[in-house]
Every structure is written in structure tokens, then in C-alpha cells.
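Beneath this line is the structure, given in C-alpha cells, with notes to follow.
Every read-out reported here was derived from the displayed coordinates using simple, explicitly stated rules and does not represent laboratory data. Not measured: the values here are computed from a predicted model. Positions of Cβ are backbone-derived with ideal geometry, glycine not excepted, and every protein chain shown enters the neighbour counts.
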Amino acid sequence: MLNRLNIMLGKRGLMVDALFRVKRVEKCGSIYGLMNFLSFILLVSPLIGNMLGFPDDAWRLITRLGDETVYFALSALIYIVFNPSLGIQLFIVLATTSWLNIVLKNFFAMPRPPKDFWKVEAGGYGFPSGHVQTVTSYCFYLLFSYRRLELLLLSMILTTYVAFSRVYLGVHYIHDVVGGFIFGAITALAVFKTMKFTSQLTWRRETLILVSYSLVVSLLYVNQYNDAFLKIGGVLLGYSLYPMVNSRFKVKETSLILKFTVAGCVGGAIYFLLKIIRSLQNPLSIFMSYTLISLLAVLSPLSYNLLPAKNKKPAS
């Protein structure tokens, strides 16, 4: 009797495991299908813009896909709704490529093309291209983490189009976008290797490393006199709380709709706070303000514990 019960439970366990695997495959399949769809839309968008008589507008739209804001918002969505660990990693690679691009531009001090050729506004030095470095570091980090053909195709089209748009719109030379691609790829690889190492440490050591990293980046302000280093350092300091949150707190699973609702509320709150602190001049105030903003994002998944739990289908 006992053996028969064990066999029945074993078969049931295999069936449940197989069911979960099928669901995971279906979920991944829908994500990769979305990637293929986005690749197609992106691929034909310049052609459509040219057919409609708006080629410049099409490339202006594409060049916005290299803005840091787009990827910080996407990373926040990934963190709050889908995968907190991946979201934090993407935040860190973005923060790293952001401050590194400023340092590199000031070091090389290479000018942009003459303003007569500009079709969009731009500022600062030209080499390396910040847009290309941002999109390359982001896409390459995802490629290092998830080696999928669909992701590779989307990354190639996105990176190539953003790079071409910067040259087409007259704000970069070819060597600027090539430099952005090279430094973006190097940044992604360096952060990927570092995150792989730190993931094996205790949460206390991870936190200590992130706090130290935050302070080092913030101290670059003394040499560069650019408050972007204070903002990035503050954001990194807020991220340093994640290892403890991930290790010490259990987040209740809730529905996808409620997760998107939380993401929308957090996004609205951050947008409102950014408008308030935009006029701050004091370095310490800037640093602490961005620390609090990143803490708001890091702690937001804990709000799921106050929401209704995700309904589980009864076993048949």
C-alpha cells in the first residue's frame, strides 16, 4: 500500500513538474516572439518613414532609443514586475556606463561635427557616443545573461540603427559611434564578470562593495565638477540595500496587473520627485535625493506583501 502511494505521488510530482516546465516554455516563447516582432518593426521603421516623406523624423525617433532614461525606466519595470535580480544588474551596468562615458569624453575632449550639420540638439564632447555606449552596454549585458538568437537579432538591429542615427543626424562622426560600441561592450563584459563574482558572496559583502563603489563614483565629482557623478553615486548607494532586501525579506507573489500598478505608482512618484529636486545645487542634497529615489524603487516590491496574494488554481 505504501509503495503504491509513493508511486502515485511520484507520478503526480512528475506531472506537476512537467506542467510548470510547459508554462515556462510558453512564457519564454511569448517573450522571444515579442522580440522578433520588435525587431521587424524596428527594421522597417526607417523605410516606412521614408515612404511617408518623414525620413528625418524616423531617425530622430530611433535615436531616442539610445537615451539613458529609456533604459533606466525599462530596468525599473523589469525590477518591479518581472525579475528584481536582473533589474538591479541592469541598473548597475547603466550607472557604470553613464559615469564612464563622462570621464572618457572629458579625457579625449574630441569635438562633435559643426552645428550646421546637426538635426537634433546635442551637448558636450563627441567621443565616445553616449547613446551608442548606453544601448551597447545594455544589450550586451542581456546577451551575456541570456544567449538567445532572438535577443541577438534585436540587439544588432537596435545598436546599428542607433549608431547610424547619430551619424545621420549630424551629431557624431563615425569614429564616435565606433568608440561608443567598443566601450559599451567592454563595460557590459566587466560588469557581467563582476556581478558573477559578487553573487557568490554574502549579502553583507555585496552591500559593502556597492557602498564602496557608490562613494568612489561620487568622489569623481571633486575632479570632474559634474553633478551627474553625485546622482549616479546616490543611485548606487540606494541599490546597495538590495542584497539585504533579497536575503532577509520574502516577497509575496501577486498578480501581474497589481505589479504593473505598483510600477506605475512608483514611476509617477519618481517623476514627481525628480521635478522637485531638479533645482538643487548643494552637492550633498543632490546625492541624498537620488539615494532616496533609488531606495523607493528598491523597496517597492515589498509593497506586494500588502496586496492580495495571487490566486492559485486548485489541483485537479
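Data table
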read-out: About the Cα centre, charge dipole magnitude for the chain (Lys/Arg +1, Asp/Glu -1 at Cβ), debye; value: 1460 debye
read-out: Fluctuation leader among Thr207, Thr187, Thr254 - the chain, Gaussian network, Cα springs under 10 angstrom; value: Thr254
read-out: 0 to 90° range, to nearest 10: angle between helix 149-168 axis and the chain longest Cα axis; value: 20 degrees
read-out: Separation of alpha-carbon centers, the stretch 233-290 and the stretch 58-89, rounded to whole Å; value: 15 Å
read-out: Candidates Gly179, Gly233, Gly123, ranked by Gaussian network fluctuation over the chain, Cα under 10 Å, top entry; value: Gly123
read-out: Phi-based couplings in Hz for the stretch 240-249 (Karplus 6.51, -1.76, 1.60; Gly and Pro marked x); value: 5, 7, 4, x, 5, 4, 5, 8, 9, 10
read-out: With at most 13 neighbouring Cβ atoms within 10 Å, loop GluC sites (Glu not before Pro) (DSSP) excluded, longest segment of the chain; value: 122-252
read-out: Global geometry of the stretch 201-309, whether rounded, prolate or oblate, following the gyration tensor of its Cα atoms and the 1.5 cut on a/c; value: oblate
read-out: Extreme residue, positive dipole direction of the chain, given options Met35, Ile157, Thr254 (C-beta unit charges); value: Thr254
read-out: Max mean-square fluctuation residue, GNM over the chain, Cα-Cα springs under 10 Å, options Leu149, Leu295, Leu77; value: Leu149
read-out: Rel. contact order, % - alpha carbon contacts under 8 angstrom, at least six apart, the chain; value: 17 percent
read-out: Backbone HN-Hα couplings from phi across the stretch 93-98 [Karplus 6.51/-1.76/1.60, Hz, Gly and Pro as x]; value: 5, 5, 4, 5, 5, 5
read-out: P(r) histogram, all alpha-carbon pairs of the chain included - 20 Å bins from 0, percent; value: 27, 55, 15, 2, 0
read-out: The stretch 201-309, relative contact order [Cα under 8 Å, separation at least 6], %; value: 36 percent
read-out: Using alpha-carbon coordinates, inclination of helix 130-145 to the longest axis of the chain, degrees; value: 20 degrees
read-out: Environment charge at Trp99 (Cβ cut-off 12 Å; Lys +1, Arg +1, Asp -1, Glu -1); value: 0
read-out: Farthest toward positive dipole pole in the stretch 201-309 [+1 Lys/Arg, -1 Asp/Glu at C-beta], among Ile270, Pro243, Thr291; value: Pro243
